[in-house]
Amino acid sequence: KADGTVAGGYRFFEPATHQRAVHRMNLEQDLRQAVERGEFTLVYQPIVALEDGRLTGAEALIRWRHPERGLLAPAAFLDMAEETQLIVPIGRWVLDEACRQLAEWNDSLPVGARAVTASAGSAGSGGSAGSARPAGSARPAGSARPAGSAGARLPLLATEPDARLPLLAVNLSSRQLSHDADLVCEVTKTIARHGVPPGRICLEVTETAVHEASLTARSALEAFSGSGIKIALDDYGTGYSSLGHLRDNPVDTLKIDRVFISGLGQNRGDDAIVVAVITLAHALGMKVVAEGVETPEQRARLQELGCDFAQGHLFSMPLSAEDFGELLRSGATVGAVPCL
Ligand code: C2E
Ligand code: MG
Ligand code: MG
Ligand code: MG
């Protein structure tokens with residue numbers, strides 16, 4: 001009998017267990033190679049203002065271009081990345097790539113819609129520092145940015161009031177918050193290197209991360225917040241849902257997990273929870289994002305409840321960087337069919 005039951009004093013090794021062990025070993029090996037070979041990519045899911053469908057942000061979501069298994073979603077590899085702490089180099093890459101992309105989108109926008117206009121020092125730009133809009137300073141979309149060498153980019157905070165550059169949300173894992181001692185330094189340096197305004201980056205952390213690494217996490221979050229970076233509490237409602245976490249951490253935004261959104265308008269319990277979370281967040285001066293909005297009914301109810309932002313398949317699936325950039329430049333609203 002090879003089913004793992006005891007027979008004649010032997011305990012046979014269960015084939016399924018063996019298979020799982022082999023799979024894990026392969027996965028770990030592949031993941032190490034993937035880090036070295038740069039097999040990851042980011043997709044960007046639009047986040048819209050509920051009142052008018054205006055595009056206000058995006059969440060960067062990691063994908064792995066596996067050489068044999070194709071494009072893999074985070075569920076296939078993030079646990080292993082966390083266990084092996086490969087999440088630290090992967091997380092650094094994610095932030096670097098997200099900032100690079102944000103700077104590229106910024107440069108591809110019409111000058112008046114950019115969040116940062118300073119590109120002094122780069123050949124041919126002729127732009128003086130600040131918010132002057134010299135006609136010749138628009139670089140063609142997709143052109144290479146000047147390398148981040150000394151003096152290449154000037155002020156980081158020449159933010160235009162009508163800038164169309166989205167808020168870009170980047171997920172941080174609990175391991176990064178608890179095991180990466182240089183996290184704060186790395187993050188602020190990366191943001192500065194790409195010349196993106198810190199206020200255009202939002203770090204998404206889960207309550208578990210805040211809870212487990214309570215003191216370290218809190219001081220990291222304080223440091224981020226102090227430098228202007230936004231903080232969102234992801235998947236809110238599925239973890240501790242502790243009020244103390246909300247009081248003690250510098251949280252700008254609550255993201256209501258999609259398990260509560262799916263029952264909106266159908267399940268009285270979910271409805272009550274969503275109402276309570278929105279009320280609580282607003283009372284604490286936080287914004288609310290509803291995750292996983294899939295139906296017009298959910299959208300209408302969220303609008304009725306005064307939820308600020310939404311993200312989900314109703315508006316858009318995650319997009320490639322090119323497609324998101326096009327959407328951004330078109331200035332179009334996303335799924336902007338008024339439903340109230
Ligand atoms: P999350 O941060 O809560 O991200 C939202 C997830 O919901 C994404 O799954 C997104 O594709 C999915 N989603 C969005 N709208 C809908 C919808 O209308 N319906 C449904 N059913 N799903 C929707 P994804 O990309 O598979 O990511 C899963 C999780 O992996 C993320 O959950 C996040 O916790 C983690 N993750 C993704 N990228 C990164 C990363 O770069 N670093 C880290 N540390 N974690 C990441
Ligand atoms: Mg997230
Ligand atoms: Mg989430
Ligand atoms: Mg989630």
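The values are calculated or read from the model by the stated rules, or taken from the named source; none is laboratory data. Predicted model, so just to flag it, every value in this text is computed and none were measured. Backbone-built Cβ (ideal geometry, glycine too); neighbour counts: all protein chains shown. To get the accessible areas, we keep the full protein, side chains included, count just its heavy atoms, and leave off ligands, DNA and RNA. Shrake-Rupley method; radii C 1.70, N 1.55, O 1.52, S 1.80 Å.
Quick notes
- Given R0 = 45 Å, the distance between the Cβ atoms of Q19 and D52 translates into a calculated FRET efficiency of 0.30.
- Modelled FRET efficiency - R0 22 Å, D323 with R37, Cβ distances, 0.05 increments: 0.35
- For T84, the solvent-accessible surface computed with a 1.4 Å probe is close to 30 Å², ligands and nucleic acids excluded.
- Full extension of the chain between Q266 and E83 gives 62.0 nm of extra length, using 0.36 nm per residue less the Cα-Cα distance.
- As a calculated quantity, the FRET efficiency between H179 and V259 at R0 = 35 Å, using C-beta atoms, amounts to about 0.80.
- One Cα centroid belongs to the stretch 177-244, the other to the stretch 74-116; the line between them spans 14 Å.
- Derived scalar couplings between HN and Hα for the stretch 86-92 equal 5, 4, 5, x, 5, x, 5 Hz in order, rounded to whole Hz, by the Karplus curve 6.51 cos²θ - 1.76 cosθ + 1.60 (θ = phi - 60°), x for Gly and Pro.
- Where only alpha carbons of the stretch 271-340 are counted, the Rg and the Dmax (Å): 13.7, 39
- Computed label-point distance, nm, for sites A332 and Q29 using a 7 Å Cα→Cβ extension: 4.6 nm
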